[in-house]
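These notes concern the structure reproduced below.
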Amino acid sequence: MLFEGLAGKLQETFKKLKGKGKLTEKDVEAALREVRLALLEADVNFKVVKNFISQIKERCIGQEVLGSLTPAQQVIKIVNEELTILMGETTSKINLNTGGITVIMMVGLQGSGKTTTAAKLAKYLNKENLSPLMVAADVYRPAAIDQLKYLGEQLDMPVFSLGQRDPVEIVQEALKEAALKNHNAVIVDTAGRLHVNQELMEELQRIKDTAVPSEILLVVDSMTGQDAVNVAESFHQQLGLTGVVLTKLDGDTRGGAALSVNAVTGCPIKFVGMGEKLDALEPFHPERMASRILGMGDVLSLIEKAQSNIDQEQAKVLEEKFRTQQFTFDDFLEQLQQVKNMGPLDQIMDMMPGLGGMNKKMKNLSVDEKQLGQVEAIIKSMTREERSAPEIINSSRRKRIALGSGTKVQDVNKLLKQFDQMKKMMKQLTKMEKGKKKGKKPFPFFPK
């Protein structure tokens, strides 16, 4: 779960409030003390915490909350709104140079994930119908150029490099190459250092003066907490950042960077890295993130993920198979793989309202990452005939499937039983739908 420690504590605090029918000023102050401690433990900047609590208290101690019919819900609504404001209020999009080439400078310290993020951004822009050219301008870190070239090959996207030449000269030539080959976006992977120093800033300033970028994006490791905010402040003062990209947000991050960086620097968070895959870069939506932290889900992001990973034509074919009772294990496997493409299950659950806090119980759920892999292995161990007609799978076939998938016969039996139950359920739903169309009651034994 995103910001697991912070989210868990905030959700627990508000759960206590919901148990009270009417709130007093004392109840609100006690809850805000817990919120304050949770934010400080999450490594949120102490000045940011102070202002945040002050804003909430001002709104909560009054008729807006204490005089309402559902005071606890009003408190949660106010916290949700203030969290959204804290993280930037609105989604900040990439500044595109509609009349020419959009130049994006990627800056940051070594180890922040800058080169990988440059490749992820190239893939994102390509999906947005732009033609990006990546530029290898980090001439100091060993293998940085080779890494960008390798990522470019994986994405089938061009990378411009002149080896160990002067970075400013590399950028100048890259812009000529982009104009010549009709690339309308140039992503410059600049050099980083272990810490902010004057030599680094002077080089970045020279590149900025040469490229005149539409965007200067600072890539920071969100697991570094408040240190990430200090780094952002230094870069912003000297370069004038236009935005921040937080990497490793899917890791064991406490949330300090995400909740502090905009308030301290005024720079919007434009993207977040949510995994190692090259498509695991998402636009940052403050209002959606606030909802996820408070366990209210993020239905819009879930829908977007589904739309981008689930083939709509295949979904129509699948629906027809359900209706005509022709759904097979091959179809089941296809759907399983599409769900896996949406990302880790814990991230998907975070987006479901009311399920965000259930990640600690993931091992107790009937479907988890390990079980999905087990189901996939069992189906792949079946023959084509067995997948189409599971009823032919007798005891000897079950033993063979279990052996081939590295599972037990009981696991195979369980999957076959669940599959059979699912088909029966779909049959009942189909009957119900037909009954509704005829204007009949599909199950006459139900009481009136």
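The values are calculated or read from the model by the stated rules, or taken from the named source; none is laboratory data. Keep in mind that what you see is a predicted model, and the values were worked out from it rather than measured. Cβ sites come from the backbone with ideal geometry, for glycine too, and all protein chains shown count toward neighbours. Each accessible area value is taken on the protein alone, full model and side chains, heavy atoms only, with ligands, DNA and RNA left out. Shrake-Rupley method; radii C 1.70, N 1.55, O 1.52, S 1.80 Å.
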Scope the stretch 191-200; condition in a helix (DSSP H, G or I) and either β-branched (Val, Ile, Thr) or open to solvent by less than 10 Å² (accessible area, probe 1.4 Å) (or both); matching residues: 200
Of all residues in the stretch 290-309 being at pLDDT 75 or above and open to solvent by 10 Å² or more (accessible area, probe 1.4 Å), the one that is farthest from the chain's Cα centre (by Cα): 294
Subset of the stretch 103-140 (residues that are assigned to a loop (DSSP other than H, G, I, E, B) and under 19 Å from residue 174 (Cα atoms)): 130, 131, 137, 138, 139, 140
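For the stretch 160-190, what are the residues that are of a type outside the set (A, V, I, L, M, F, W, C), assigned to a helix (DSSP H, G or I) and in contact with a helix residue (DSSP H, G or I) (Cβ under 8 Å, 6 or more places away or on another chain)?
Across the stretch 160-190, the qualifying residues are 167, 172.
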Only one of 245, 264 that is farther than 30 Å from residue 73 by Cβ, at pLDDT 85 or above, out of contact with any strand residue (DSSP E or B) (no Cβ under 9 Å at 6 or more places or on another chain) and of a type in the set (Val, Ile, Thr): 264
Residue in the stretch 169-179 that is small (Gly, Ala, Ser) and more than 18 Å from residue 121 (Cα to Cα) present: yes
Any pair with Cβ under 6 angstrom, 6 or more apart, that starts in the stretch 140-154 at a residue that is free of Cβ contacts under 8 Å to residues at least 12 places away in the same chain and ends at one that is open to solvent by less than 100 Å² (accessible area, probe 1.4 Å): none
Answer from 271, 235 - the residue that is under 19 Å from the mean Cα position of the chain (by Cα) and surrounded by 23 or more Cβ atoms within 10 Å (Cβ to Cβ): 271
Selection status of residue 172, without any contact (Cβ under 8 Å) to a residue 60 or more places away in the chain, closer than 13 Å to residue 139 by Cβ, among the polar types (S, T, N, Q) and open to solvent by 40 Å² or more (accessible area, probe 1.4 Å): no
Given (1) closer than 26 Å to residue 285 by Cα; (2) surrounded by fewer than 21 Cβ atoms within 10 Å (Cβ to Cβ); (3) touching a Leu at 6+ places or on another chain (Cβ under 9 Å), number of the condition residue 112 does not satisfy: (2)
Residues within the stretch 141-159 that are open to solvent by 30 Å² or more (accessible area, probe 1.4 Å), outside any helix (DSSP H, G or I) and either within 24 Å of residue 96 (Cβ to Cβ) or modelled with pLDDT of 95 or more (or both), tallied: 3
